[in-house]
């Protein structure tokens, strides 16, 4: 059975890589699903280091053949050898989950306008091998483009989109998460606070009574109850006095 | 009799393709109207896959000669053979509905400034054959261009424009739909919430008591009743106390 | 006696062409004033079609020599033959009204910075022949340029400017019309709602109690009465309690 | 004695030319001060026409040697002959007032960065001959540059700056005027409404209880009295209840 | 002892030159400190004229060897002769205060990226000779860059920064002044109104109860007292009623 | 044990250099940790001068071999000699803390897109020698990019990010500080006021009851208590009256 493709989109510093790592580590430790982390980063050491700060020993998971951090160039992955490169790893550990970090890096190496096609090819490569792909997209957090999660047509390729954002709430810098899309299900549309704790992502209760969360600087809304009672209270007063 | 041309405009991820597919599937299953889906997408498989997630078996409809997914290049459609290409399909299944996905793809292949003329040519090609054309336009969802549904002059070519948008309501990411134009009728101008359910589009009640829905981050408005009762209540108080 | 020059400015889809057509049709049917519609559109058929949807049979009016749809290139109109071209038509039907659709098209064909001069030449050509010219200008509806109806100096050439805009009111997409300029009269400055009905333009009551209509996403204002009564009510309370 | 230099700055359609004409006509008819109107406009006829609509017969004033409309190119005025050109006219009618319409036109003909120097030269040329110069500057009315009346350093050259703006008040498009600068006096800083009536400019009462007039889309402010009484009223209540 | 370097930053027309002149004139008349005004302006006459309107006779002060208006080109000041040029003047009148009008002019003559270094060189040249330098910077008053007083790194070079701004308060165009920086002291951070009177700068009371002064179009804030009493008042009511 | 890498990000004039200096001075005087200040500034004297105004004698600390101000070019640091240059200093004073002032300077000297890699190399160079690196980043304070602390991917390289901002509070220009990231700990997310006193940074209480602090022009929020009591108060009234 084909598995879902997920996209994590978010601004710099919102924890996309951490969420992606946790997705793989959870797969391994809780569901017995081996994983591949394909990165075009020039600094793979930092990934091991980041994982360590959450108590995730990636080296150990690699030695146990449950994980592979594939640090390659986008060029190599896109070339004819790219598939082989992954296929070799896929044969070795039989992964069920794969992270591509990130589409923005990939974009730099494909001819202009071909990112969708290449992304589709990679997603299908994974899906048809029984692997759930998760792709990372670093979106800009400017207020007037806050809903443009991805460039045109990218959202159509994935089954699920999780958006991460900074929001200022009660004079604090909090982080918000919202599912923008989940194919084939009536998903939760509420923006929720999350924290990156020493143990990884911790998603908490939905925000309530705020307007403009997507702008990053929301304000408290008048509750509907208050708005209604206002109208009724003074509507009654009006009749009493007349 | 000539049929109406419809435009679906909206940002990425708002479900334009799903709405267009449902338009064709409904035509076939409810009204016995065969349909063509003309796409310049390089990934037609994804369309079948997307349809499946809503329970629409496009392959089966194609086998029954009620549907054709025509996956062509914009170049081909625009060339002298393009008409023939469609005409062949039109002869085969006698369609009454046609989707063009999308004008943005088409735009890349026509000389600068010729999009309107080509769109007109295609729309007329369909209309004069008794086919209702529906064109898809991916609009940018930036706040300061939120009303510019299409580039100059495009809106004049179609009889009906449906705009799809993300809006943040009650700390949730909802979707809104509004009919911007419907030629020859006193159409509903209210912004309505819609959801993409496992069974397709589900349009629900109009939004009420919100201001700035078109910006994507609306806020609750003071109701007129409240505003009036306020004035009256204190107006009365004022007289009582003096 | 010289007649006034009118400019209709507005965003895409606000009905500029419909208003211009109605101006001519009304001239013919109500005031017995023949009219010319000069268009640089490449798709004149759409104009006949659009008019038909409002019940205006332009072909019939042309046959009765009360109307001419002059579909020319801007180049031709601007050249030395352009005047002759119009003059021939002017001789034939003795028009009192003329529409130029649109200045934006004209702008593409005149050397940079000459649009004002050419527009002036055309307006004077009409006025000195006893014809009221009406020019169409497609303005951008971005919030921060909402008052810049026209490029520099254009507004000075015309006697009257009507601006058309989309505005979101009570969670609906309505249309607003405002007279920005009317030379030699104390004109109505209120923004009014209008609708494009099956019978053409229908201008209704002015908006009241809104702020920011020109931004397209207005909000209800506190009424002056309410603001005053507030001050008075609590001012009174204050004294009562002390 | 040297006379003051005035700048009229404002967006398109705010009536800068009308105000400048009225300045000259008033000078002639009320104070017996002849005037020159120097325009770089290619359409001087429109100035006579515009004046006529206010009942000002410029041709007659010219015949009486009380006015000269000098329609020249900026090139000519800036060249060595330019001074002579004006000086000849100055000798003929001994003007006390002079309008330069406009600095924007002048700017196109001077080397980049020299506008200030040329403007200064022209202003001094007038002032040292006992003539009050008035220069017109067409400013852009975008919300985020609303206070930048002129380009850098221009405001320093003139003794008085009058800014004209469109403002939306009570769902109407009104016009506002504010004195940004008046050298050597404690001038009125209030924004005032003005209208262009069949008899010229009519400045009325200052706006009150509005915030954001300079953005063009102001909103009513809570009055200070209301704000204070609010605090007091509930402050009293608080004590009563405790 | 080394003296402090001051920067006056502000938009066009806010009175930077007037404040700088007053700084020198006050130094001379109240503290017996001679001053130099270094200007790259091509129109030094205007400076004398501007000063006269405030009752400051710069010519007389120059004759008394208490002031020098050094009108030079930025090129000359920056070259090897520049130091000499100033040093000659410094020897003659032994100044304690020096104004550089302006860094924006200077910026045009230094290689890109060298402005900081040249500014530093000039500031140190003055400081080490016991002269307090004051530099003028014309900042743009756009709302989204309102806090960017200077380009990167400039603020680090000076000991004190005074920012001048237009603000719309109570439907009037007022001017606001705020000290952005004062090295080594706990300075006043309040925005204060100032006026340019016939006698020079007049700084008055701080603004109170406004939000968004730095945007130029502030709005009245709810006072803290009101906000608190509101909560308390209704909090009490709530308990009473339950 | 490896030490944490810190980034100080903030607009011009927010005190980034002062905070970095205090970090080193505190390390020396309170924790006995020698420090290096690597600056690409062309004006190192200003650093000594700035420190003096806070009572920090950098020359003395250098003589005591507890501090080195390394004033180098970015080119030199990035070249093969760069490491040696630092290593020599590292050998001499055995530092535990190092400041890099600033990444913006560094960015000018590395090929486009290599800043991350070079920054990583420098950070690791320090960390692996037991030195805590602190890097300075001058961010733009425009409202719509207020959360984009750094360019893409930079935030991932550091363990802690401190953001400094100007905010207008109660009609005063205050400064705010917020920890955007602290790896491996549940850090304080509140925006706090800070002042630069004659003794250095002084961080005070968190802001409360403000919305939009990150925009720089916040407004007071309605307290939750008030919002709730409002609903309850009028909810009760409503039932009483009905």
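Points worth noting:
- Look at (1) at pLDDT 90 or above; (2) surrounded by fewer than 20 Cβ atoms within 10 Å (Cβ to Cβ); (3) within 26 Å of residue D:208 (Cβ to Cβ) and you find that residue C:220 fails only one, number (1).
One line per residue, one yes/no per condition, for (1) under 30 Å from residue D:182 (Cα atoms); (2) modelled with pLDDT of 85 or more; (3) more than 31 Å from the chain's Cα centre (by Cα); (4) buried (at least 21 other Cβ atoms within 10 Å of the Cβ):
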| position | (1), (2), (3), (4) |
| --- | --- |
| E:185 | no, no, no, no |
| E:200 | yes, yes, no, no |
| E:205 | yes, yes, no, no |
| E:208 | yes, yes, no, no |
| E:224 | no, no, yes, no |
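- Checking residue C:33 against (1) farther than 29 Å from residue C:174 by Cα; (2) not in a loop (DSSP other than H, G, I, E, B), the condition it does not meet: (2)
- Inside the range D:90-107, residues that are out of contact with any helix residue (DSSP H, G or I) (no Cβ under 7 Å at 6 or more places or on another chain) and under 19 Å from residue C:153 (Cβ atoms) make up a count of 2.
- If you filter the range B:18-30 down to residues that are surrounded by fewer than 24 Cβ atoms within 10 Å (Cβ to Cβ) and in contact with a strand residue (DSSP E or B) (Cβ under 9 Å, 6 or more places away or on another chain), you find that the one that is nearest to the other protein chains (Cβ to nearest Cβ) is B:18.
- For the range E:178-208, the set of residues classified as in a strand (DSSP E or B) and away from chain F (no Cβ under 11 Å) consists of E:194, E:195, E:196, E:197, E:200, E:201, E:202, E:203, E:204, listed by residue number.
- Summed over the range F:89-114, the residues that are in a helix (DSSP H, G or I) and either on the phi > 0 side of the Ramachandran plot or more than 21 Å from the chain's Cα centre (by Cα) (or both) give a count of 5.
- Evaluated against (1) surrounded by 23 or more Cβ atoms within 10 Å (Cβ to Cβ); (2) under 21 Å from residue C:179 (Cβ atoms), residue C:36 falls short on exactly one condition, (2).
- Meets criteria (at pLDDT below 95, in a loop (DSSP other than H, G, I, E, B) and at negative phi) for residue D:18: no
- Residue that is modelled with the highest pLDDT, among those in the range D:70-88 that are assigned to a helix (DSSP H, G or I) and buried (at least 18 other Cβ atoms within 10 Å of the Cβ): D:86
- Test: residue in the range F:166-173 that is away from chain A (no Cβ under 12 Å), surrounded by 20 or more Cβ atoms within 10 Å (Cβ to Cβ), at pLDDT 55 or above and not in a strand (DSSP E or B): yes
- Matching option when the condition is touching a residue at least 12 places away in the same chain (Cβ under 8 Å) and more than 14 Å from chain B (Cβ to nearest Cβ), among A:115, A:85, A:123, A:76: A:85
- Residue match in the range B:209-219 (condition: touching a strand residue (DSSP E or B) at 6+ places or on another chain (Cβ under 7 Å), farther than 30 Å from residue C:201 by Cα and assigned to a strand (DSSP E or B)): yes
- Residue in the range A:130-149 that is more than 15 Å from the chain's Cα centre (by Cα), facing chain B (nearest Cβ under 9 Å) and modelled with pLDDT of 80 or more present: no
- Residue B:113 vs. criteria modelled with pLDDT under 85 and touching a strand residue (DSSP E or B) at 6+ places or on another chain (Cβ under 9 Å): no
- Any hit, the range D:48-69, residues being in contact (Cβ under 8 Å) with a residue 40 or more places away in the chain, within 14 Å of chain C (Cβ to nearest Cβ), out of contact with any strand residue (DSSP E or B) (no Cβ under 9 Å at 6 or more places or on another chain) and surrounded by fewer than 21 Cβ atoms within 10 Å (Cβ to Cβ): yes
- Meets criteria (without any contact (Cβ under 8 Å) to a residue 12 or more places away in the chain and surrounded by fewer than 23 Cβ atoms within 10 Å (Cβ to Cβ)) for residue C:45: yes
The values are calculated or read from the model by the stated rules, or taken from the named source; none is laboratory data. Only a predicted model underlies this, so the values are computations on that prediction, with no experimental measurement involved. Because the Cβ atoms are built from the backbone with ideal geometry, glycine has one as well, and the counts that use them run over all protein chains shown.
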